[in-house]
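For reference, the structure discussed in these notes is given below.
The values are calculated or read from the model by the stated rules, or taken from the named source; none is laboratory data. Just so it is clear, the structure is predicted and the values come from calculations on it, not from any experiment. Because the Cβ atoms are built from the backbone with ideal geometry, glycine has one as well, and the counts that use them run over all protein chains shown.
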Amino acid sequence: MRILNLLKIAWRAIKLNKMRTFLTMLGIIIGVASVIAMLAVGEGSTQSIKTQISSMGSNMITIRPGAGMQGGVRTDPGEMQSLKLEDYESLRDQATLLTAISPQVSGSGQVISGANNWPSSIYGVTPEYLDIRVLELAEGSMFTSAEVKSAAKVAVIGQTIVENIFPDGESPIGKMIRFNKIPFKVIGVLEPKGENTFGQDQDDIILAPYTAVQKRILAIDYLQSIVASAVNEEQAPDAVEEVSAILRENHQITNPQEDDFNVFSMEELITALSSTSEILTVLLVAIAGISLLIGGIGIMNIMYVSVKERTREIGLRMAVGGKGADILIQFLIEAILISITGGILGVLLGISATLIIQNVFNWPTIVTLYSVIISFAVCAITGIFFGWYPARKAAALDPIVALRYE
Amino acid sequence: MSKTIIDIDTLKREFIMGTETVHALKGISYAIKEGEFVTIMGSSGSGKSTMLNILGCLDQPTSGSYKIDQVAVNALSRNELAQIRNEKIGFIFQSYNLLPRTSAIENAELPLLYNSKVSSEERRKRAIDALNLVGLGERLDHTPAQLSGGQQQRVAIARSLVNDPVVILADEATGNLDTRTSYEIMALFQDLNRKGKTIVFVTHEDDIARFSNRTIILKDGTIISDKINEDILDAAQELAALPKEN
């Protein structure tokens with residue numbers, strides 16, 4: 001009953017200064033809205049990185065030649081020829097934590113068929129590559145191990161190649177394409193995958209037996225990299241260790257510091273990327289938090305002015321029976337009402353801003369419940385915290401002095 | 001014998017100003033009975049403001065006793081004083097002290113908002129009754145800015161009546177008003193007094209004092225005169241006798 005009356009009193013006081021109340025709220029509204037929108041953007045990008053990486057094969061392990069030392073000279077990993085076919089074979093035969101493994105050699109060049117041409121990349125792999133990269137065939141078939149062995153000039157192509165080289169809509173299966181003048185017969189088409197996290201078109205791809213790419217296109221006998229699948233995501237770090245051990249043995253390396261190869265798991269990439277986006281989120285939230293703090297100071301400022309300005313009103317309220325606690329609670333309720341109303345408007349504005357970001361800029365966003373709850377709680381605390389001191393000041397006034405205040 | 005509303009006995013109030021002690025009230029005694037209409041007069045510095053603050057339970061005496069409606073005020077805490085003010089005293093100020101941009105009805109019901117025993121329907125009803133009593137039944141929703149000075153003071157009077165106090169304390173209640181309006185307000189006070197309200201009116205204007213039935217004059221913190229008025233003027237008649245305004 002008493003609180004209800006004080007609520008009524010506070011509400012009437014707020015209604016008397018609509019414009020000023022709104023401007024005071026604005027700080028809180030913007031603060032809360034930005035916390036929610038920033039968290040939604042941060043959360044959205046973290047999630048989208050995670051899903052995209054797992055669509056690339058979250059248990060994938062990549063082995064590349066590494067910055068080893070050869071006679072004291074550090075070499076560019078791209079030029080290193082330390083990964084050999086034997087490495088692939090021993091990993092395939094010895095590794096127990098790998099389910100699929102494929103060498104990878106790639107070259108870029110021009111794809112030509114009839115009057116159409118397109119710049120693209122060719123990847124020399126084994127049939128297991130489909131499983132490792134989680135690729136599906138839309139039509140036709142993958143080349144076989146026998147075709148790998150015989151270095152057959154057959155290719156499986158991605159949707160981007162189909163669209164640019166075979167724009168008429170007819171099936172490319174059985175057609176010939178030429179990659180850097182070397183003819184390949186199209187035997188399969190991949191399901192589209194879209195862009196990956198880094199904006200790379202995953203459909204702009206040609207797969208061919210690695211033997212054919214090595215001999216016909218690159219004229220090399222070493223491997224540029226090896227990709228493999230760990231039995232599952234959890235065991236990927238163990239698989240990385242196993243692979244490293246086998247390779248060290250092959251390369252007769254005793255000190256891990258001198259590794260001439262690098263083994264990455266997607267796990268590490270996920271962690272690296274999401275920690276980047278988490279740092280970004282923390283920064284965004286910190287900025288938003290600061291604006292909330294400034295909003296709070298705005299409330300304190302206005303409450304101060306309000307107490308000063310309404311000194312006689314406070315004196316009157318005390319004269320007609322308002323106790324110190326009544327005055328304190330009234331001003332505290334005013335501050336909390338301002339901050340909470342600001343909070344509600346801020347949540348609504350934040351969600352609308354998030355929807356705009358999502359629909360206009362096409363950024364992935366996720367509004368999380370916890371961000372709404374946290375920013376709302378912070379608001380209420382802001383109101384109490386910044387309303388407390390002015391309210392105390394009001395409650396401590398001497399009614400005799402306050403009544404005669406000019 | 002009607003009951004004693006205000007009972008003051010050798011009341012002193014001293015203020016310490018730096019190293020000096022100011023004796024604002026130097027041992028005053030008097031009693032006010034129910035139904036009296038008392039004016040307290042005195043020039044500035046006579047101690048009448050201090051007297052009013054103590055009567056209104058806004059301040060407490062340094063020594064001596066003050067009982068309002070049989071309750072000794074001396075020993076009460078700040079919160080208990082607030083409750084006494086809320087239930088037993090109606091305040092009227094020179095500058096009305098109404099809440100701006102707030103309707104007459106909301107201004108009048110203000111004291112009851114601090115009394116949780118009164119329901120919101122009861123509160124509204126009593127505010128409307130009080131406004132009717134002061135002749136503002138037609139202006140319940142007007143804000144102070146839409147009312148004349150006299151009407152604003154009537155709202156303040158309605159506010160002082162709404163808690164049905166044992167005494168109404170008026171501090172220079174006609175100080176901001178012209179003669180005609182002052183007489184109108186005094187007529188209202190006389191009317192309320194005839195209905196049984198005890199009124200203590202602090203003023204420095206002699207002609208206002210003549211409408212009351214007892215005058216206490218303070219000087220330098222002591223009472224120099226306390227007498228019953230034999231010749232009480234009727235404010236309504238005086239009002240009629242004023243030259244017509246055009």
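General observations
- Residue within region B:107-117 that is surrounded by 20 or more Cβ atoms within 10 Å (Cβ to Cβ), of a type in the set (D, E, K, R) and at pLDDT below 95 present: yes
- Condition check for B:ARG123: within 13 Å of another protein chain (Cβ to nearest Cβ), charged (D, E, K, R) and outside any loop (DSSP other than H, G, I, E, B): yes
- Of the residues making up region A:350-406, those that are more than 14 Å from chain B (Cβ to nearest Cβ), outside any helix (DSSP H, G or I) and in contact (Cβ under 8 Å) with a residue 24 or more places away in the chain are A:TRP363, A:PRO364, A:THR365, A:ILE366, A:VAL367, A:THR368.
- From A:ALA236, A:ALA230, A:ALA219, residue being out of contact with any Gly (no Cβ under 6 Å at 6 or more places or on another chain) and farther than 18 Å from A:GLY57 by Cα: A:ALA219
- Where A:ILE220 falls short, out of the listed (1) at pLDDT 85 or above; (2) assigned to a helix (DSSP H, G or I): (2)
- Hey, A:GLY295 in a helix (DSSP H, G or I), touching a residue at least 12 places away in the same chain (Cβ under 8 Å) and within 14 Å of chain B (Cβ to nearest Cβ) or not: no
- Pair list, Cβ under 9 Å, 6 or more apart: region A:303-324 residue facing another protein chain (nearest Cβ under 7 Å), other residue assigned to a helix (DSSP H, G or I) and among the hydroxyl-bearing types (Ser, Thr, Tyr): A:VAL320/B:SER160
- Qualifying residue in region B:10-18 (condition: of a type in the set (Asp, Glu), assigned to a strand (DSSP E or B) and either more than 28 Å from B:GLY149 (Cβ to Cβ) or under 15 Å from the mean Cα position of the chain (by Cα) (or both)): yes
- Filter result (out of contact with any strand residue (DSSP E or B) (no Cβ under 9 Å at 6 or more places or on another chain) and of a type in the set (Phe, Trp, Tyr)) within region A:175-232: A:PHE198
- Any hit, region A:174-181, residues being part of a strand (DSSP E or B) and under 24 Å from A:SER54 (Cα atoms): no
- Taking (1) out of contact with any Leu (no Cβ under 7 Å at 6 or more places or on another chain); (2) within 14 Å of chain B (Cβ to nearest Cβ) in turn, A:HIS251 satisfies each apart from (2).
- Each residue in region B:188-214 was checked for being in contact with a helix residue (DSSP H, G or I) (Cβ under 9 Å, 6 or more places away or on another chain) and under 15 Å from B:LYS33 (Cβ atoms), and 5 of them qualify.
- Taking the criterion of being β-branched (Val, Ile, Thr) and either touching a residue at least 24 places away in the same chain (Cβ under 8 Å) or not in a loop (DSSP other than H, G, I, E, B) (or both), the residues of region B:101-120 that qualify are B:THR102, B:ILE105.
- Selected residue [touching a Pro at 6+ places or on another chain (Cβ under 7 Å) and not in a strand (DSSP E or B)] from A:GLU233, A:GLU242, A:GLU249, A:GLU267: A:GLU267
- From B:SER49, B:SER63, B:SER44, residue being over 22 Å from A:LEU328 (Cβ atoms), at pLDDT below 95, hydroxyl-bearing (Ser, Thr, Tyr) and surrounded by 14 or more Cβ atoms within 10 Å (Cβ to Cβ): B:SER49
- Any hit, region B:167-175, residues being more than 28 Å from B:ASP206 (Cβ to Cβ) and either in contact (Cβ under 8 Å) with a residue 12 or more places away in the chain or in contact with a strand residue (DSSP E or B) (Cβ under 6 Å, 6 or more places away or on another chain) (or both): no
- Taken over region A:314-351, the criterion of being modelled with pLDDT of 90 or more and of a type in the set (Asp, Glu) is satisfied by A:ASP326 alone.
- Contact map, region A:1-19: first residue of a type in the set (Lys, Arg), second residue loosely packed, with under 14 Cβ neighbours inside 10 Å and at pLDDT 80 or above, Cβ cut-off under 7 Å, separation 6 or more or different chains; pairs are A:ARG2/B:SER116.
- Every residue from region B:47-100 that is in contact (Cβ under 8 Å) with a residue 12 or more places away in the chain, closer than 21 Å to A:ARG310 by Cβ, facing chain A (nearest Cβ under 9 Å) and not aliphatic (A, V, I, L, M): B:GLY56, B:ARG85, B:ASN86, B:PHE91, B:PHE93, B:SER95, B:ASN97, B:PRO100
- Out of B:ARG159, B:ARG154, sole residue that is touching an Asp or Glu at 6+ places or on another chain (Cβ under 9 Å) and facing chain A (nearest Cβ under 10 Å): B:ARG159
- Test set (1) in contact with a strand residue (DSSP E or B) (Cβ under 8 Å, 6 or more places away or on another chain); (2) farther than 18 Å from A:ALA319 by Cα; (3) not acidic (Asp, Glu) - B:LYS48 fails condition number: (2)
- Filter result for B:ALA241 (more than 21 Å from B:ILE32 (Cα to Cα), of a type outside the set (Ser, Thr, Tyr) and more than 17 Å from the chain's Cα centre (by Cα)): yes
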